[in-house]
Amino acid sequence: MGTGGRSFATIRRLVPVALFALATGALGAQAAPLPRVHVIATGGTISNLGAAGRRTGEELVAAIPPLRNLARVTVEQFANVASGSVTETMWRGIARRIAELQAGADAPVGYVITHGTDTMEETAYFLSLTVGGCTPVIVTGAMRQADAVGADGPANLLNSVRVAVSPGARGRGTMVLMNDEIFAARDVTKSNTTRLNAFTSPDAGVLGLADPDVIVWHRTAPEGGTTCRRATFDVATLGDFPRVDVVLAHIGADSVFIEAAVAAGARGLVVGGVGRGGSTPAQSRALQRARQRGVVIATSNRTGSGRVGTGPVSRLDSLPAGAGADVGSAELNPQKARILLMLALAAKYRPADIARLFEVR
Ligand code: DAS
C-alpha cells in the first residue's frame, strides 16, 4: 500500500475520534449544562421493598442511567413513609422547601416529588395551591413495589424528569405523572387500588402524555405559559390549619359523626353527599345546627365525578331553604374539598369568598 492509502486509513481512524471529541466538548466547544431537577423523596410504594425496608431517593435516581443525559438531578430525602403517614405539617415543609430553593442560586427548572400513591392526589393538590411561579412540580410514585417484576416506579420517575425539563411544562404548576399520563393536580384522583392505570381525571381528562419520543400536551398552559402562577395561599404567612372533617352521606346515616366533628372543634365540614350533594334528613338537621355554630359546610359528592354547585343546587334534598351560606365543592372530591376549605379558613376567607374560590380552576 502506498503513502496515500496509509493516510486515508489514518483519516478513517481519526474521524470517529474527532466526532466523539466534538460531541463531548473536548475540542473546545462547551456542551450546554444540563438543567437542574430537584427530587424530593417522601417514600411510598416506589421506594417500598417490603420486609427489606425502603430505597432512598438517591438509590431510585441512581438506578435510572438515562437520567444522567437528561438533567442534573439533585435529591433530598424529605421523608421515607407510606403516604398514609404524610401530614399537613409535611405539606407545609415541602412547599416552604420549594420556595427556599426557588429563591436561591442555581434554582431548579423543575421538581419531582416521589410519593405514595394512596394520598398522592391530596399532596399534589395542596402544592398546586401553595407553590407559585413558573417552575413545574411533578408528583409521582408507583403502583408496584420497587422490587416487583414489572415495577413501574423507574419509568414514572424518568418520565417525571422528562416533563420537568420540558418547556411545555412551564407555568402549569403542580401535576401528577403516573403510567405515562400527566394530570393536573386539581383534576386527578386515584380510582383503583392496584392497576397501573389507577390514576384518572374523570371530569377533565389527561393534561398530556409522556410518549417515548416526546411530551405531548393536550391542553395549552394557562396564558399560553407566558405568565407564571401566583400561589393561592402563602404558607409562610398562613396561621395554623383549622380542623376540617369529612362526613359521608349514605342511607341510614344519622347525626353522630357531624356532632362528633363539631364537638372536636371542626371549623369546617365537607359532606361526601349522595348524587349532587344530598344527605339524610338527620344529617341535614345536624349540618344546619353546625352552621348556626359558625361551621362552614362544603358539599361535595361520593359519585367520583361531576360538580356540586353553590346555593340551591347543592341544597337539593338536603339543607332546609334559607339555610344560609353554603359552599358547593364544584368538581372537587371530598378529600380535595377538605384541603381547599382548610386553607381558606386558615386564610380567614368569608363563606361567600370560599364559595367563589371553589370555582377557580
Ligand atoms: N401504597 C403505598 C403508599 O401510598 C404504601 C406504601 O408504600 O407503604 O404510600
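Quick notes on this one:
- Part-to-part distance (alpha-carbon centres) for region 210-274 and region 67-116, which is given in Å: 21
- Using alpha-carbon coordinates, inclination of helix 334-346 to the longest axis of the chain, degrees: 80
- Projected-area mean, the chain, by convex hull of Cα positions, square nanometres: 23.5
- Pairs of alpha carbons in region 38-172 separated by more than 18 Å make up 50% of all such pairs.
- The modelled label-to-label distance between VAL216 and ARG144, using points 7 Å beyond Cα along the C-beta direction, is 2.3 nm.
- Farthest toward the positive end of the dipole of region 209-265, out of PHE257, PRO242, HIS218, is the Cα of HIS218, where the dipole comes from beta carbon charges about the Cα centre.
- Divided by 2.2 N^0.38 Å, where N counts the residues, the Cα radius of gyration of region 26-81 comes to 1.44.
- With all pairs of different C-alpha atoms in the average, the Kirkwood value for the hydrodynamic radius of region 115-196 is 12.9 Å.
- Helix 153-165 axis, angle to the chain major axis (alpha carbon atoms, nearest 10°): 80
- For the peptides 123-131, 297-305, 68-76, 163-171, the ranking by mean Cβ contacts within 10 Å, running from highest to lowest, is 123-131, 297-305, 163-171, 68-76.
- Once the Cβ-Cβ distance of ARG96 and ALA63 is raised to the sixth power relative to R0 = 25 Å, the FRET efficiency obtained is 0.30.
- Put a plus charge on the Cβ of each Lys and Arg, a minus charge on the Cβ of each Asp and Glu, and nothing anywhere else: the dipole of the chain about its Cα centre is then about 460 debye.
- Ranking LEU49, SER160, ALA148 by Cα position along the charge dipole of region 48-178, where only Lys, Arg, Asp and Glu carry charges on their C-beta atoms, puts SER160 farthest toward the positive end.
- Percent accessible area from carbon and sulfur atoms, the chain, protein chains only, probe 1.4 Å: 56
- A Förster radius of 25 Å combined with the Cβ-Cβ distance from LEU248 to ARG293 puts the calculated FRET efficiency at roughly 0.75.
- Applying the Karplus relation 6.51 cos²θ - 1.76 cosθ + 1.60 with θ = phi - 60° to region 174-183 yields 3J(HN,Hα) values of 8, 10, 10, 10, 8, 6, 6, 10, 10, 10 Hz, where x marks Gly and Pro.
- Between amide H atoms placed 1.01 Å from N, distances below 5 Å from GLY208 occur with ILE182, HIS218, all of them 5 or more places distant or on a separate chain.
- For region 113-262, alpha-carbon Rg over 2.2 N^0.38 Å: 1.18
- Zone residues, region 51-70, relative to ALA31, backbone N less than 14 Å from point 7 Å out along Cα-to-Cβ: 66-70
- Relative contact order computed over the chain (Cα-Cα under 8 Å; 6+ residues apart), in percent: 12
- Computed helical MRE - 222 nm, the chain, DSSP H runs ≥ 4 contributing -39500 (n - 2.57), nearest 500: -9500 deg cm²/dmol
- For ALA298, the residues whose amide H sits under 5 Å from its own are LEU269, VAL270, VAL271, ignoring neighbours fewer than 5 places away on the same chain, with H placed 1.01 Å from N.
- Crossing angle, helix 120-130 versus the chain [Cα axis fit, 0-90 degrees, rounded to tens]: 90
The values are calculated or read from the model by the stated rules, or taken from the named source; none is laboratory data. What you see is a predicted model, and the numbers here were worked out from it, not measured in a lab. Backbone-built Cβ (ideal geometry, glycine too); neighbour counts: all protein chains shown. Calculation scope for accessible area: heavy atoms of the full protein, side chains included, ligands and nucleic acids excluded. Shrake-Rupley method; radii C 1.70, N 1.55, O 1.52, S 1.80 Å.
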